C-alpha cells in the first residue's frame with residue numbers, strides 16, 4: 001500500500017520515517033519529496049508497505065502523532081488528479097493597441 005505522510009518536519013530524513021513505520025511491519029521504500037532547485041524537503045513524502053493490514057495499522061497509529069514537533073498527517077495515498085494546464089498554459093492576446101500585441105480589439 002502506498003501511504004501519504006504529510007506535515008513532515010523539514011529536518012526529518014528518509015531513515016527517520018522508515019524507523020517510525022517499521023514498528024508496524026516491513027517497509028519497502030520511503031521517499032521524501034524535495035524541491036527540484038534547492039533540494040529542501042517539501043514537507044511530505046510516501047511510504048510503501050506491502051502488507052495492507054500492517055499499513056492500515058501504521059496509518060491508524062501514526063496519523064496525528066508528533067514527530068520532531070510536528071503532528072503527522074498519514075493516510076492512504078490517492079492517485080494524482082489531472083489538473084489540466086493549471087494556469088501556466090498559452091494565453092491569447094496580451095498587448096494593447098499601441099504595443100501591437102494581441103488581436104484587433106477595436107473591431108469588436
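Quick note: the coordinates plus some simple rules give every number you see, no bench work behind them. Small disclaimer: the values here were computed from a predicted structure and weren't measured. Positions of Cβ are generated from backbone atoms using ideal geometry, with glycine treated the same way; all protein chains shown enter the neighbour counts.
Restricting the calculation to Cα atoms, region 2-76 shows an Rg/Rh of 0.95 when the hydrodynamic-style radius is the Kirkwood one.
Under the simplified labelling scheme, the residue 63-residue 40 pair shows an inter-label distance of 3.0 nm, with each label point 7 Å from Cα along Cα→Cβ.
The modelled label-to-label distance for the pair residue 13/residue 78, using points 7 Å beyond Cα in the direction of Cβ, is 3.4 nm.
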